[in-house]
Structure formats: C-alpha cells, structure tokens
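J.: Below you'll find the structure I mean.
The values are calculated or read from the model by the stated rules, or taken from the named source; none is laboratory data. None of the values given here were measured: they were computed from a predicted structure. For neighbour counting, all protein chains shown are included, and Cβ atoms are generated from backbone atoms with ideal geometry for every residue, glycine included. Quick note on the areas: whole protein, heavy atoms, side chains included, nothing else; ligands and nucleic acids left out. Shrake-Rupley method; radii C 1.70, N 1.55, O 1.52, S 1.80 Å.
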Amino acid sequence: MTCFFCKGSMKDDFTTHFEQLENCIIIIKNVPCFKCTQCGEVAYSGVVVQRLEQIITDFEESLTEIAVVSYSAA
C-alpha cells in the first residue's frame with residue numbers, strides 16, 4: 001500500500017485517535033493503522049473505522065468531558 005499524500009510505503013502500526021465532539025473529547029489509544037514510513041500519514045482499514053465509530057457513539061452520551069479509551073479494551 002502506498003501513501004495517499006507522498007506515495008511512500010505504508011506499514012502496519014498503532015496510533016492514537018482524537019475525536020472532538022460537541023460535548024467532549026475522546027482519545028482512543030492503540031488503534032491499528034497503516035502509517036507512512038516517509039511522512040507519517042495514517043490510514044485506517046474499513047473494519048477499524050467501523051469500530052472507531054462504534055466507540056465514539058458509545059462515549060458520545062457519557063457525562064465526562066474527556067474520555068481516554070484503549071481500542072482493544074473498548
């Protein structure tokens with residue numbers, strides 16, 4: 001797989017995903033991704049995107065302003 005921006009090669013890695021919603025900020029750690037070895041751009045597979053959306057939906061209604069979640073534990 002090649003990077004969408006710089007055309008460098010992508011490798012399997014992990015990243016931290018930040019999502020700012022109207023009422024809170026959600027930080028999801030240890031998210032599997034493809035990361036460019038040249039520029040550091042991150043891309044997610046379809047399965048990971050679906051899981052991120054589910055985690056965000058679950059925490060969207062929480063009463064906390066900041067939520068820090070591990071991807072594998074959520």
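J.: Would you be so kind as to identify which of Thr2, Ala67, Ile25 lies farthest towards the positive end of the dipole of the chain, taking Lys and Arg as +1 and Asp and Glu as -1 on Cβ and the Cα centre as origin?
T.: Checking the options against the dipole of the chain, the answer is Thr2.
J.: Here's a follow-up. Could you tell me which label, among [x] 1.20; [y] 1.09; [z] 1.01, carries the value of Cα Rg over 2.2 N^0.38 Å calculated for this structure?
T.: [x]
J.: Moving on. Using the alpha-carbon atoms, what tilt in degrees (0 to 90, nearest 10) does helix 46-60 show relative to the longest principal axis of the chain?
T.: Between the helix axis and the principal axis of the chain, the angle is about 20 degrees.
J.: Step through the residues of the range 18-34 one at a time and calculate ³J(HN,Hα) from phi using the Karplus curve (6.51 cos²θ - 1.76 cosθ + 1.60, θ = phi - 60°), rounding each to whole Hz and writing x for Gly and Pro.
T.: 10, 10, 9, 9, 4, 10, 6, 10, 10, 10, 10, 8, 6, 7, x, 8, 10
J.: Under 16 Å Cα to Cα from Lys35, which aspartates and glutamates show up? Leave out anything in the same chain fewer than 8 places away.
T.: Candidates past the 8-residue exclusion: Asp12, Asp13.
J.: Rounded to the nearest 500 deg cm²/dmol, what is the calculated helix-only ellipticity per residue at 222 nm for the chain, with -39500 (n - 2.57) per DSSP H run of length n ≥ 4?
T.: Details: 1 runs with 15 residues, N = 74.
After summing the helix terms and dividing by the residues of the chain, the value is -6500 deg cm²/dmol.
J.: Another question about this same structure. What accessible surface, in Å², does a 1.4 Å probe find on Phe18, ignoring ligands, DNA and RNA and rounding to the nearest 10?
T.: Here the residue's solvent-accessible area equals roughly 130 Å².
J.: Ok, one more. With a sphere of radius 10 Å drawn around the Cβ of Lys35, what net charge do the other residues whose Cβ falls strictly inside it have (Lys, Arg +1; Asp, Glu -1)? Intermediate results must be reported in sequence, preceding the final value.
T.: Details: positive: Lys11; negative: Asp12, Asp13, Glu41.
So the surrounding residues net to -2.
J.: Could you provide, to the nearest whole Å², the per residue accessible area of the range 4-64 with probe 1.4 Å?
T.: Accessible area per residue: 67 Å².
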